[in-house]
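S.K.: Encoded as C-alpha cells, here's the structure I'll be asking about.
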C-alpha cells in the first residue's frame, strides 16, 4: 500500500499530514511555505509512495464554498499537471482550525505554543486526513 497525504492549503503556509503505508494512522508531517509547496510535494512523492492527495475544501456555514477556494483551485490545477499520477479528493474542512486549536488545548499546550499557526495548520491537515479515512470505513 501507499500513503495518503492531506493538504490544508493556505496562502502563506500549508499544513501537510500523511498516513503510514498501511493507511491506519494519520500524523502531522510538516508545514511548508506555500510558495515551496509544489516542489516539496514533487520531492516527497519521489521518496515515498503516495496513493492519494486529500485536500481540504473550505465551506461556509450555508454550504457555499469559501472565498479561499479561489486560491485553492489554481493550486489543484498546478498539482494535477505536476503530479498527474496521484488522484485528488476534497474533504470539507469547515471546523478543522477550531478542532485543531481545541486539540492543542486538550493536549496541554501552553498559550504561547497555541499561537504557533504552523502547528495549527499541521494539526488541521491531520484532522482533514482523519476525516477522509473515517468516511471510507
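S.K.: Of all beta bridges DSSP finds with both residues in the chain, what is the antiparallel percent, to the nearest 5?
M.R.: 55
S.K.: Quickly rank 30-41, 63-74 as a protection proxy: mean count of other C-beta atoms within 10 Å, highest first.
M.R.: Ranking, from highest mean packing down: 30-41, 63-74.
S.K.: Compute a Gaussian network model of the chain, connecting alpha carbons closer than 10 Å, and tell me which residue from 16, 55, 25 fluctuates the most.
M.R.: Judging by the Gaussian network model, the answer is 25.
S.K.: What share of Cα pairs, in percent, lie more than 17 angstrom apart in the chain?
M.R.: When all Cα pairs of the chain are counted, 57 percent exceed 17 Å.
S.K.: While we're looking at this one, here's another question. Using a Gaussian network for the chain with springs between C-alpha atoms less than 10 Å apart, which of these wobbles most: 19, 103, 11?
M.R.: Top of the fluctuation ranking is 11.
S.K.: Then there is this: Normalised by the residues of the chain, what does the relative contact order come to in percent, with Cα pairs under 8 Å and at least six apart?
M.R.: Over the chain, the number comes to 33 percent.
Read-outs: derived from the displayed coordinates by stated rules, not from any lab. Source: prediction; values computed, not measured. In this analysis, Cβ positions are derived from the backbone assuming ideal geometry, glycine residues included, and neighbour counts consider all displayed protein chains.
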